[in-house]
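What follows is a single structure, written as structure tokens, with notes after it.
The values are calculated or read from the model by the stated rules, or taken from the named source; none is laboratory data. Since the model is a prediction, treat every value here as computed from it, not as a measurement. Heads up, the Cβs are rebuilt from the backbone with ideal geometry, glycines too, and the neighbour counts pull from every protein chain shown.
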Amino acid sequence: MKLSGLLGKPSKTAPHDADTANAKFLLQGGFVRQEMAGIYSWLPLGLRALNNVQKIVREELDAVGAQEVLMPALESKENWETTGRWDTVDVLFKVPSQTGREYALGPTHEEVVTPLVGSFVNSYKDLPVAVYQIQTKFRDELRAKSGVLRGREFGMKDLYSFHATQEDLERYYEIVKQAYLRIFKRCGIDAKIVEASGGSFTKKFSHEFHAITQAGEDDIIACMACTFAQNTEIATVKAGDSCPACGAELKSVKGVEIGNIFDLGTKFTQVFKLAFTDEKGERQTPLMACFGIGTTRLVGAVVETHHDERGIIWPKEIAPFDIHLVTLHSKDQTVQDRIVEVSSGLYRDLQAQGHKVVWDDRADASVGEKLADADLLGMPLRILVSAKSLERNGVEVKARHEVEAHIVGLDGVMEELG
């Protein structure tokens, strides 16, 4: 992609009301555009990062036997009345139809997936089964804030599993827990698993996955020496106490919740009258678990944990592009022709080699502007072609997370990048 033709070019100034790093850099960099409070358009650069996150999610969930589906965003009022949640979920968007009926814009999909799966489950031989979707969700948040971390419309992956026994549910619960850790690791986040209240879903404990960052809305009591962590809302310990798992001192930290998992038991399967015939020929109610990841929120959490004062530092696997190729123009036409020739060749050859490349080919941007934009956009590697680098018959190569650049000869660029 050439930056000169990109929809959503970087801005020289940050939005004045940006209250977090993700709000500042995603908007200034042209990754997203705010349409209303808590509602964003994902522009080409941002959508590439989001698609990379979704690709990782799909790969890891497919690997643990989950099947992808796509359910409607417009949900039946009757199903929400069946579960008793039509008048109790305060963030529910209710949509009247000209036919006189009412619908819900889905903030979650238990009311859809439970009867859906139930229509295909008759015997213990049909269990376990796990389905997931990557879907747009809607929640009537009173205070949408923190960029893409808390919105009224947002992307989410929700997985629902159905089981014949508690033992099987707990087995799969642990499998997905580990898949979540792999997903977050591939996105560049060492997520902390946090014990939390089951909330409105279940009386049992649930587990949240947090990216530790000062931009977080949740207060967590955590051990930095081991995996122990609790949300302060249900904490049995406090900061300064000894960790019950390893004895180290507990700390109070902030976290952004990027995933959660719940054992739902029969909360939803019972009200929708799901049943299967067990091995003895007796009718039983299946057990259910749900597993969520905020995909758009995850992109924001990555920015919160991977940036410096100049901009984003994208982890390689979710970066919109691998390489940011920058061309610095020369007033000497002969030199300029050589710069364009080398840049065009690199752009072509790098893509042929399988690299994803964005080329800053803008003729009307200054040197300072181009370098600042490269830091702001934060691709893992920057390649600079200039009169100065060509004097040494090479290009300047710099990793985004490093301070110093180095010269690589033109005959060795492709070999070095692999």
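Here are the numbers for the structure shown:
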{"item": "Of residues in the stretch 267-315 being basic (K, R) and over 29 Å from the mean Cα position of the chain (by Cα), the one farthest from Y173 (Cα to Cα)", "result": "K280"}
{"item": "Leading residue by the ranking (nearest to D361 (Cα to Cα)) among those in the stretch 7-43 that are surrounded by fewer than 18 Cβ atoms within 10 Å (Cβ to Cβ) and among the aliphatic types (A, V, I, L, M)", "result": "L7"}
{"item": "Checking W314 against (1) part of a loop (DSSP other than H, G, I, E, B); (2) out of contact with any helix residue (DSSP H, G or I) (no Cβ under 8 Å at 6 or more places or on another chain); (3) not charged (D, E, K, R), the condition it does not meet", "result": "(2)"}
{"item": "Any hit, the stretch 190-210, residues being at pLDDT below 95, assigned by TED's automatic domain parsing to the domain that holds V271 and touching a Cys at 6+ places or on another chain (Cβ under 9 Å)", "result": "yes"}
{"item": "Which listed residue is among the aliphatic types (A, V, I, L, M) and under 17 Å from the mean Cα position of the chain (by Cα), from V89, V176, V95, V112", "result": "V176"}
{"item": "Qualifying positions in the stretch 89-106 - of a type in the set (V, I, T), part of a loop (DSSP other than H, G, I, E, B) and under 19 Å from R152 (Cβ atoms)", "result": "V89, V91"}
{"item": "Residues of the stretch 217-230 classified as surrounded by fewer than 21 Cβ atoms within 10 Å (Cβ to Cβ) and within 28 Å of A18 (Cα to Cα), total", "result": "3"}
{"item": "Elements of type helices (runs of 4 or more DSSP H) contained in the stretch 1-83, each with 3 or more residues being among the aliphatic types (A, V, I, L, M) and closer than 14 Å to G300 by Cα", "result": "21-28, 44-63"}
{"item": "Number of the exception - K280 against (1) without any contact (Cβ under 8 Å) to a residue 12 or more places away in the chain; (2) under 15 Å from A49 (Cα atoms)", "result": "(2)"}
{"item": "Restricting the stretch 283-295 to residues that are in contact with a helix residue (DSSP H, G or I) (Cβ under 6 Å, 6 or more places away or on another chain) and not in a strand (DSSP E or B), the residue that is surrounded by the most Cβ atoms within 10 Å (Cβ to Cβ)", "result": "P286"}
{"item": "So L298, is it outside any loop (DSSP other than H, G, I, E, B) and among the aliphatic types (A, V, I, L, M)", "result": "yes"}
{"item": "Matching residues in the stretch 234-266 - criterion: being small (G, A, S) and over 29 Å from R171 (Cβ atoms)", "result": "A239, G240, S242, G247, A248, S252"}
{"item": "Filter result for I339 (touching a helix residue (DSSP H, G or I) at 6+ places or on another chain (Cβ under 8 Å) and crowded, with 22+ Cβ neighbours inside 10 Å)", "result": "no"}
{"item": "Unique match (being closer than 16 Å to L3 by Cβ and within 34 Å of the chain's Cα centre (by Cα)) among A372, A352", "result": "A372"}
{"item": "Residue match in the stretch 119-127 (condition: in the same structural domain as E279 (by TED's automatic domain parsing) and closer than 30 Å to G216 by Cα)", "result": "no"}
{"item": "Single condition Q54 does not satisfy, out of (1) under 20 Å from the mean Cα position of the chain (by Cα); (2) at pLDDT below 95", "result": "(2)"}
{"item": "Qualifying positions in the stretch 71-103 - in contact with a helix residue (DSSP H, G or I) (Cβ under 9 Å, 6 or more places away or on another chain) and hydroxyl-bearing (S, T, Y)", "result": "S76, T82, T83, Y103"}
{"item": "Filtered residue count, the stretch 1-49, keeping only those that are without any contact (Cβ under 8 Å) to a residue 60 or more places away in the chain and of a type in the set (D, E)", "result": "2"}
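To keep it simple, each residue is scored yes or no on (1) part of a strand (DSSP E or B); (2) touching a helix residue (DSSP H, G or I) at 6+ places or on another chain (Cβ under 9 Å); (3) not assigned by TED's automatic domain parsing to the domain that holds N52.
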residue: V113; (1), (2), (3): no, yes, no
residue: L116; (1), (2), (3): no, no, no
residue: A130; (1), (2), (3): yes, yes, no
residue: Q133; (1), (2), (3): yes, yes, no
residue: K137; (1), (2), (3): yes, no, no
residue: E141; (1), (2), (3): no, no, no
residue: K157; (1), (2), (3): yes, yes, no
residue: Y160; (1), (2), (3): yes, yes, no
